[in-house]
Amino acid sequence: MMKEKGFGPPVYASLVLAFASFGDAYLYAFLPVNATGIGLSLASVGLLLSINRFIRLFANRWLLVVLSKYGFRLITIVAAGLAALSTLGYGAGLGLVGWLLMRVIWGVAFSAMRISSLTYALGHHSQGLSLGISRSVYELGPMAALLLGPLLIALLGHSWAFICLGLASLPAVYFAFRLPDLTPEIPATGRVMAIPTPFNMLTFFITFAVEGVMVVVLGAALIKSDLQLTPASAAATAAAYLAYRRFCLIFLSPLGGWLADRLGLARVLIAAALFICAGLVMVAIGWPQAGFAVAFLFGSIQAALGPGAVVAGRVSAVSANATWRDAGAAFGTLTGGLLLTSGHLSLSFIVLAIGIAIALLAYLRSLHYTFKTLIAWK
């Protein structure tokens, strides 16, 4: 892959994701506490918030074939259009089957746009900084949706709010047209999910905990800690926390990338994993506000820079890492939906912290790190 010096293509590709993600971003705050009010069962929440991620387990593999045949630019344009369509569908008053269809469409579209965005970012000669800037720009869109979503719901109702978010997603198509075309390596055939590398297993456990379980149970955990919260206020508060997570991605991703280029990417990712464990323990012992804040902060660094730890930034390796990230988020989201009616939330956070710690030890072993090499300057 040619190494570019300009940040134009990575920024355009991340702007596609930024605008296209409006509807999906707010859905995670809206749906867990409003499902029954729009004719959906509480049991369907985990399914609707995870089905798009399960779809991506398969899409990540076959999209490589499609991208190698038609190129990044064309597929990204189509994906941006489908993403806007899915958000419009959220406001169309569909039943469960219609919601599932929109989530499937979004899952395929997001998979294509994410592979595109990561590939353009990894094509820059300063990969850490490029990944950080790319993730920072992308997160501007979801954060805007999380801040504007409650206002739109209050003024227009949920149907028109999602229709407005869908129309606001259309600039993604314009930025997709601005991309230069790329044709990636022809991917090797293989299983959808091969045996994970130690880093991909660490990615799985972190996304299972932070992007899966924590995101879904956030509103319920806040209501449990403050019984005076109503579903509407809990949704608004959850949206604020998720916006904070996006805020961290926007402002800390470039800083984390800059540090990774100087201290070593592995060291930054290891430190982030340790702090995520600490955040999970805080939630478990009764400090949910601080725990969610810490886990979301350092989870943002891991999410932004994790793709840079795969083998030489190759498209197939990036796709494999994305698949395990999607698997973690998918199973974590589904598990979070099940935990909404459980009385064992505190214990689950302890189990999650232990799982990440074990995966981190395996990753350290694969790097052959000693304490001296870990703390040494790059």
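Filtered by the rule that a residue be among the hydroxyl-bearing types (Ser, Thr, Tyr) and more than 21 Å from the chain's Cα centre (by Cα), region 24-55 gives Thr36, Ser41.
Within region 201-238, being at pLDDT below 80 and charged (D, E, K, R) holds for Lys224, Asp226.
Sort through Leu338, Leu345 and tell me the only one that's open to solvent by 40 Å² or more (accessible area, probe 1.4 Å), at pLDDT below 85 and closer than 25 Å to Phe54 by Cα. Steps first, answer last, please.
Working: Leu345 fails: open to solvent by 40 Å² or more (accessible area, probe 1.4 Å).
None of the others qualify; the one that does is Leu338.
Just to be sure, is Tyr241 closer than 21 Å to Ser50 by Cβ, assigned to a helix (DSSP H, G or I) and at pLDDT 75 or above? Answer is yes for this residue.
Quick check on region 83-95. Is at least one of its residues more than 27 Å from Ala43 (Cα to Cα) and in contact with a helix residue (DSSP H, G or I) (Cβ under 6 Å, 6 or more places away or on another chain)? Looking for residues that are more than 27 Å from Ala43 (Cα to Cα) and in contact with a helix residue (DSSP H, G or I) (Cβ under 6 Å, 6 or more places away or on another chain), one finds none in region 83-95, hence no. For Val45, the conditions (1) within 27 Å of Val210 (Cα to Cα); (2) touching a residue at least 24 places away in the same chain (Cβ under 8 Å); (3) open to solvent by 10 Å² or more (accessible area, probe 1.4 Å); (4) out of contact with any Phe, Trp or Tyr (no Cβ under 9 Å at 6 or more places or on another chain) all hold with the exception of (3).
Test Thr36 against the stated conditions and say whether it is closer than 26 Å to Phe162 by Cβ and open to solvent by 10 Å² or more (accessible area, probe 1.4 Å). It is true that Thr36 is closer than 26 Å to Phe162 by Cβ and open to solvent by 10 Å² or more (accessible area, probe 1.4 Å). Scanning region 1-9 finds no residues that are aliphatic (A, V, I, L, M) and in a helix (DSSP H, G or I). Cβ separations smaller than 7 Å between residues 6+ apart or across chains give the following pairs from region 26-39 residues that are over 19 Å from Ala168 (Cα atoms) to residues that are open to solvent by less than 20 Å² (accessible area, probe 1.4 Å) and modelled with pLDDT of 75 or more: Leu31/Val45; Leu31/Leu48; Leu31/Leu49; Pro32/Val45; Pro32/Val216; Ala35/Ser44; Ala35/Val45.
Only one entry in Ala84, Ala18, Ala92 is outside any helix (DSSP H, G or I) and at pLDDT 80 or above, namely Ala92.
Consider Arg61 carefully, then state whether it is crowded, with 24+ Cβ neighbours inside 10 Å, out of contact with any strand residue (DSSP E or B) (no Cβ under 9 Å at 6 or more places or on another chain) and charged (D, E, K, R). No, not satisfied. When each of Leu148, Leu156 is tested for being under 24 Å from Leu242 (Cβ atoms), surrounded by fewer than 20 Cβ atoms within 10 Å (Cβ to Cβ) and within 21 Å of the chain's Cα centre (by Cα), the lone residue that passes is Leu148. If you go through region 274-299 and pick out every residue that is free of Cβ contacts under 8 Å to residues at least 60 places away in the same chain and under 16 Å from Ala243 (Cα atoms), you end up with 6.
Rundown of residues vs (1) hydrophobic (A, V, I, L, M, F, W, C); (2) out of contact with any Pro (no Cβ under 8 Å at 6 or more places or on another chain), yes/no style:
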position: Pro10; (1), (2): no, yes
position: Thr36; (1), (2): no, yes
position: Phe58; (1), (2): yes, yes
position: Arg73; (1), (2): no, no
position: Ala83; (1), (2): yes, yes
position: Gly93; (1), (2): no, yes
position: Leu100; (1), (2): yes, yes
position: Val108; (1), (2): yes, yes
position: Ile115; (1), (2): yes, yes
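Against the numbered list (1) in contact with a Leu (Cβ under 9 Å, 6 or more places away or on another chain); (2) open to solvent by 10 Å² or more (accessible area, probe 1.4 Å); (3) under 25 Å from Leu334 (Cβ atoms); (4) touching a residue at least 24 places away in the same chain (Cβ under 8 Å), Ile77 comes up short only at (3).
The values are calculated or read from the model by the stated rules, or taken from the named source; none is laboratory data. Computed from a predicted model, the values in this text were never measured in an experiment. Cβ coordinates were reconstructed from backbone atoms using ideal geometry, including for glycine residues, and neighbour counts include every protein chain displayed. Keep in mind that these areas ignore ligands, DNA and RNA; they rest on the heavy atoms of the full protein, side chains included. Shrake-Rupley method; radii C 1.70, N 1.55, O 1.52, S 1.80 Å.
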